[in-house]
1. What nm value, rounded to one decimal, do you get for the distance between LEU169 and LYS361 when each label is placed 7 Å out toward the C-beta?
2. If I fit a long axis through the Cα atoms of helix 151-165 and take the longest principal axis of the Cα atoms of the chain, what angle between them do I get, 0 to 90°, rounded to 10?
3. Binned at 5 Å from 0, what are the whole-percent values of the Cα-Cα distance distribution for segment 3-87, short to long?
4. Taking the dipole about the Cα centre of segment 121-268, with the C-beta of Lys and Arg at +1 and of Asp and Glu at -1, give me whichever of ILE238, ILE227, LEU256 is farthest to the positive side.
5. Can you give the relative contact order of the chain as a percent, counting alpha carbon pairs under 8 Å and 6+ residues apart?
6. With point charges of +1 on the Cβ of Lys and Arg and -1 on the Cβ of Asp and Glu, referenced to the Cα centre of the chain, which listed residue (TYR109, THR152, TYR425) lies farthest in the positive direction of the dipole?
7. Bin width 10 Å, origin at 0, all Cα-Cα pairs of segment 223-331: what percent of pairs per bin?
8. Taking only Cα atoms, what is the 0 to 90° angle, nearest 10, from helix 273-286's long axis to the longest principal axis of the chain?
Amino acid sequence: MYNLERDVWLKIKENLRCFLDKDVYETYFEPINDVYKVENNEIYLLVDSVFIKNRIEKIYLSKMNLLLSKHLKDCSFVVVSRDEMSSPESNKNKLSFSKTNASGLNPNYTFSNFVVGDSNRFAHHIATLVADKLASVANPVYIFGDVGLGKTHLMQAIGNYISYSKPDLKTLYIRTQDFFTEYVKAGSKPGGYEVFSKHYDNVDVLLVDDVQFLESKDKTQIEFFKIFEKLSNEGKLIVLTSDRKASDLTNIMTRLTSRFEWGVSLDINKPDKTHRINILCAKLKQEGVDLDGFPKETLDFIASVCDSNIRELEGALKTFLFYCNVYDCDYSVENAKEALKNNISLNESTKDIFAPTQEIKKILDVVSTYFRINQDALLSSSRKREIVYARQLCFYILRNKYNLTFSKIGSIFNGKDHTTVMHGYQMFEREYNSSDEAKQNVENVLRKMGKNPNTI
């Protein structure tokens, strides 16, 4: 019935087979040989379980839709599980408290794939203790930090661990926005508030995401306070996340925010560069990419330009991998720059990493003038000491300020071999680290270029 859409899906499926790890492809995509239905420009694919559906939606759906857009514009894939399709029609009229499975948890958020670094080490340690010992460690557990740093992942890792190790306990995850929406819906039905309240009566572990959205919602705050008090008095574990510490929340009643601070507060900060690189490596393994074949300078580049949060970092990596797959190109820094040029917001310290041609020309002009040598000589293979020194200084700035690969720098200097450039860079780096004169020369050149010397 859906011949065109089926043919397109099979082409995309073949593309995924070439790109994905064999086990990933055989588990998630090989069984999908037909289109379930087409409705309102949405192509439905039927999978065997909610777990597979969640996995595809989280990791692969954006790639699938990008491929689809090349064949059928304004269309998108929708993944549904057999469990969802076979659910009784009567369930549609019930209050909906969870979106992913019986407890509302996303099975992809586990301790095993949570990458630990200095920014989250303490929070991770306490979270694992809480998952094992529950409220006896601390109650409530309040996890806070900026957007996209892994708060939800850590919270749901606690829930998933408890669901697996203590299946007799009822664990419930809910976003504060959904709590508010369901509370409002409850008010429109006879006895709705009573049904809403009873839903939490037998909960053993309550996970509430983004409690800052309780701000200015007075009636919802009162209901949440009653639920919080009841569960807390019964010794049930409560885990909360927020974008700021409890004392900084506004327009939330004090008796509620004070209770948020009863247990332990865990702060998650921005990951440093080493941590970001480790996160990228973990995601590459997850995507089935051979780390040995992935250039370290490309990892360094992506980690350098995506320093605000983990969500942006992971999104940039996925965009880059898909770009390389679609255009059949290698994992070079140059291709990363091209793939990401419209997808990330560069801060002041990293915006120069995308070194345009005019910036390279400016370096050569300033260095030639500063050292009073001919630019042709600077680009040549001359072994005169003053020319070699100036050339190596260029290597150092191009590498450290603009993050260019040694191969790219070599192409600027009339095709010099990347090993020659690397050697020259290392020679100057040693001098820079041991000589005040070398540091001063670099700073002077950067100032003459109109650049901040402290950003190198």
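The numbers here are math on the coordinates, done by the rules we state, and not lab data. Worth saying up front: this structure is predicted, and the values here are computed from it rather than measured. Note that each Cβ is placed from the backbone with ideal geometry, even for glycine, and that neighbours are counted across all protein chains shown.
1. Reported label-point gap for LEU169 and LYS361 is 6.5 nm.
2. On a 0 to 90 degree scale, this one is about 50.
3. 3, 15, 28, 29, 18, 7, 1
4. ILE227
5. Working: 587 pairs, mean separation 51.8, N = 456.
Normalised by residue count, the contact order of the chain is 11 percent.
6. Of TYR109, THR152, TYR425, it is TYR425.
7. Per 10 Å bin, starting at 0, the Cα pair percentages come out as 11, 32, 17, 19, 16, 5.
8. For 273-286 against the chain, the angle is about 70 degrees.
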